[in-house]
1. How would region 101-223 be classified by its alpha-carbon gyration tensor: rounded, prolate or oblate, with rounded meaning a/c under 1.5 and the a/b versus b/c comparison settling the rest?
2. For Val70, Val174, Val163, what ranking results if the residue with the fewest other Cβ atoms within 10 Å of its Cβ goes first?
3. Apply 1/(1 + (r/R0)^6) to the Cβ-Cβ distance of Leu51 and Ala108, taking R0 = 30 Å, and write down the FRET efficiency to the nearest 0.05.
Amino acid sequence: MSNTVVKGITASLLAFLLLVVSGSPIVHAATAQEGDEGDRVLAIQLRLIDLGYNIPKATGEFDERTTRAVLTYQKQARLNQTGVVDEITWHFLMDYDKGGNYGKQEVARLLNIALRFGGVPYVWGGATPVGFDCSGFVQYVFGQIGVNLPRTADVQYELGRKVMKADLQPGDLVFFETYEPGASHDGIYVGDDQFVAANSGTGVAVTALSDPYWSSRYLGARRLF
């Protein structure tokens, strides 16, 4: 199947409809990899075909050609090249309204959830509303919109796309080098030079990136969707 219209439905929209009809969740995506089969794999293949990747036809079976197509997509999208459609790859691949309502709605949900926890105390190793550390807070908030992230800031720093500081958008993850080399603290950018994070001194709070403490320790940012 190519990017043609079948009774007025493009291949990418057909992929979306397959998931709706099958009852598969749109936001939360289980990992799909070589050897898997079913509607989710079919949707992935249809989307890859729609984007011009070299898959002869959508069969619903995650075969070697599908793996190669996913690897090529991940390379071009500057994602981790695993050949596995993890949750981050899924969000990039299946974003039917890039930069439009779908993305904005997801970011709005994310920030609304994050800001609810203002004042929750900082707890080392905490990953629940009883108490959060920085990466536990990020993991928990993203989990509420169906995106399962790794537990620690250094591993979270490997996800998604690198974003320049001047190009930050709400929902991006911002990282800092604090008590050890590399990414040892992170938070969620909310816009207007502000980010929300679980900090050891304040608990969950909104802080300015331009604050001297944070600006001197800023490491980088990643965009997950």
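Where a number appears in this text, it was derived from the coordinates with a stated rule and is not lab data. Because the structure is a prediction, the values reported are computed rather than measured. Counting neighbours? That spans all protein chains shown, and the Cβs are built from the backbone with ideal geometry, glycine included.
1. Details: a/c = 1.29, a/b = 1.03, b/c = 1.24.
Rounded is the answer for region 101-223, as its axis ratio a/c remains below 1.5.
2. Working: Val70 28, Val174 25, Val163 17.
Neighbour counts put them in this order, fewest first: Val163, Val174, Val70.
3. On the way: r = 26 Å, r/R0 = 0.88.
After rounding, the FRET efficiency stands at 0.70.
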